[in-house]
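Trainee: The structure under discussion is supplied below as structure tokens; questions concerning it will follow.
Every number in this text was worked out from the coordinates using simple rules, so none of it is lab data. The model shown is predicted, which means the values in this text are computed figures rather than measured ones. Please note: Cβ atoms are built from the backbone with ideal geometry, for glycine as well, and neighbour counts cover all protein chains shown.
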Amino acid sequence: MDLVLSPDHLSAPAANPANPFGKRRYAAYNDWVQREYGGRVQKVSVAAGFTCPNRDGALGTGGCSFCNNAGFTPGYLDARESIGQQLDRGLLFLRRRYPSTRHHIAYFQAYTNTYGEFERLRAVYEEALRHPDIDGLAIGTRPDCLPDEVLDYLAELARDKIVELELGVESTCDEALRRVNRGHDFKASVDAIERAAARGLFVTAHLMFGLPGESREQMLAGAARLSALPIKALKLHQLQLVRGTPLAREWRADPSCLELFDEGDYLELLADFVERLSPHILLQRLGSEVPPKLKLAPHWQMRLSELSPRLSALLEQRGSWQGCR
């Protein structure tokens with residue numbers, strides 16, 4: 001016998017009038033993408049051979065002390081291939097994993113992807129956009145490597161392509177940025193975000209919790225500082241110690257130099273931060289996951305996929321939601 005549902009059963013549960021986000025209790029980027037584009041938008045990582053100013057000597061050498069790009073470079077990526085070949089390989093892999101994806105965009109993720117001669121930047125972006133199955137770009141970069149010429153060009157592309165600019169803010173605390181050899185201060189992030197947003201670009205900021213030189217109170221204060229800026233989305237990460245990085249070597253020599261989050265402490269911090277964050281900022285990522293062979297610490301039993309439901313459950317338990325504080 002067929003089950004017949006009444007209109008009441010078909011309608012979504014009414015949200016708490018004070019909580020505009022329903023069951024999740026926060027503004028989820030994936031929910032927004034579904035509404036905006038009618039389905040999933042999948043990023044396809046490519047490596048264009050760029051470097052960073054604090055690696056090539058322009059600002060310093062050695063890079064950020066927490067950074068080993070192998071920790072977030074997909075296994076299918078081979079930088080010796082052309083951009084088009086990398087996209088073909090990535091699309092083959094991702095279509096098997098996410099067969100219902102509606103749009104694919106080329107993700108320039110590793111290192112600083114607006115750092116170089118403008119003509120070279122334009123050439124690699126346009127090579128990606130010539131691929132028949134690519135609908136736009138996501139470009140990861142540093143706030144101090146965004147000349148107006150590049151922003152103007154990206155704004156022009158954004159008229160008929162999906163364009164997302166991902167900025168490594170990492171912290172709103174200058175002492176923490178100095179301790180990890182970031183090579184720029186928070187003022188540089190403010191400037192870059194404001195110039196990009198003034199051109200109508202979709203700006204996603206990256207923030208890392210647990211950097212040396214930053215207290216819990218300073219991390220939470222970052223919610224208000226970011227809420228005052230015209231960013232569209234946030235990617236949140238917890239500090240992980242990755243093999244081959246200066247910070248990992250520092251920790252090996254003296255484990256007391258860092259306080260690493262366990263699962264419970266990180267969830268509590270996330271909830272406290274989200275409660276203080278503007279409800280208009282989309283949360284694109286709540287944490288990160290380094291491949292086990294590269295990670296030294298911390299070792300969680302919780303997988304990345306568990307963060308969202310557990311954060312929502314904690315916010316529900318508290319009777320809170322994004323922006324309520």
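Trainee: State the cysteines of the chain left without a partner when partners are defined as other cysteines whose beta carbon lies under 4.7 Å away.
Mentor: Those would be 52, 145, 173, 257, 324, since no other cysteine Cβ in the chain comes under 4.7 Å of theirs.
Trainee: Summing +1 for each Lys or Arg and -1 for each Asp or Glu, what net charge is found among the other residues whose Cβ lies under 13 Å from the Cβ of residue 50?
Mentor: +1
Trainee: Stick to Cα atoms and the Kirkwood definition of Rh, then tell me Rg/Rh for the stretch 178-325.
Mentor: 0.97
Trainee: Additional query: Over the stretch 26-318, what is the mean sequence separation of C-alpha contacts under 8 Å (at least six apart), divided by residue count, expressed as relative contact order in percent?
Mentor: Taking the mean separation of contacting Cα pairs over the length of the stretch 26-318, I get 18 percent.
Trainee: Based on alpha-carbon atoms only, what is the radius of gyration of the stretch 220-280 relative to the globular estimate 2.2 N^0.38 Å?
Mentor: Scaled against compact globular proteins, the figure is 1.40.
Trainee: Residue 184: net charge of surrounding residues, Cβ under 9 Å, Lys/Arg +1, Asp/Glu -1, itself excluded?
Mentor: Cβ neighbours under 9 Å give a net charge of +1.
Trainee: Moving to a separate point now. Need one number: nm distance between label points at residue 100 and residue 268, each 7 Å from Cα along Cα→Cβ, rounded to one decimal.
Mentor: For residue 100 paired with residue 268, the spin-label model returns 3.7 nm.
Trainee: Which distance in nm do the two modelled labels at residue 58 and residue 313 give, with both placed 7 Å along the Cα-to-Cβ direction?
Mentor: 4.6
Trainee: Relative contact order of the stretch 142-245: what whole-number percent is it, with Cα pairs under 8 angstrom and at least 6 residues apart?
Mentor: This gives 31 percent for the stretch 142-245.
Trainee: Which net charge results when you count Lys and Arg as +1 and Asp and Glu as -1 among the other residues whose beta-carbon is under 11 Å from that of residue 259?
Mentor: Around residue 259, the charge tally is -2.
Trainee: Going through the DSSP H helices of the chain, which span 15 Å or more along their own axis at the Cα atoms while scoring at least -1.0 as a mean Kyte-Doolittle hydropathy?
Mentor: 83-97, 118-129, 186-198, 216-227, 263-276, 307-318
Trainee: Would you mind computing, in nm to one decimal, how far apart the modelled labels at residue 243 and residue 152 are, each placed 7 Å from Cα along Cα→Cβ?
Mentor: Going by the 7 Å Cα→Cβ label model, 4.7 nm.
Trainee: List the pair-distance distribution P(r) of the chain, using every Cα-Cα distance, as the percent of pairs falling in each 20 Å bin from 0 up to the bin containing the longest distance, rounded to whole percents.
Mentor: Values per bin, smallest distances first: 30, 60, 10, 0.
Trainee: Moving to a separate point now. Counting Lys and Arg as +1 and Asp and Glu as -1, each charge on the Cβ, what is the dipole of the chain about the Cα centre in debye, to the nearest 20?
Mentor: Charge dipole, the chain, about its Cα centre: 580 debye, nearest 20.
Trainee: Report the gain in length on full extension from residue 301 to residue 118: 0.36 nm times residue separation, minus Cα-Cα distance, nm rounded to one decimal.
Mentor: 61.4 nm
Trainee: Along the charge dipole of the stretch 113-215, Cβ charges K/R +1 and D/E -1, which of 212, 181, 118 sits furthest on the positive end?
Mentor: Of 212, 181, 118, it is 212.
Trainee: At 0.36 nm per residue, minus the direct Cα-Cα distance, what do residue 126 and residue 217 gain on full extension? Give it in nm, one decimal, please.
Mentor: Stretched out fully, the residue 126 to residue 217 stretch lengthens by 28.4 nm.
Trainee: On to the next question. Multiply the residue separation of residue 325 and residue 92 by 0.36 nm, subtract the distance between their alpha-carbon atoms, and state the gained length in nm to one decimal.
Mentor: Once the chain is fully extended between residue 325 and residue 92, it gains 79.5 nm.
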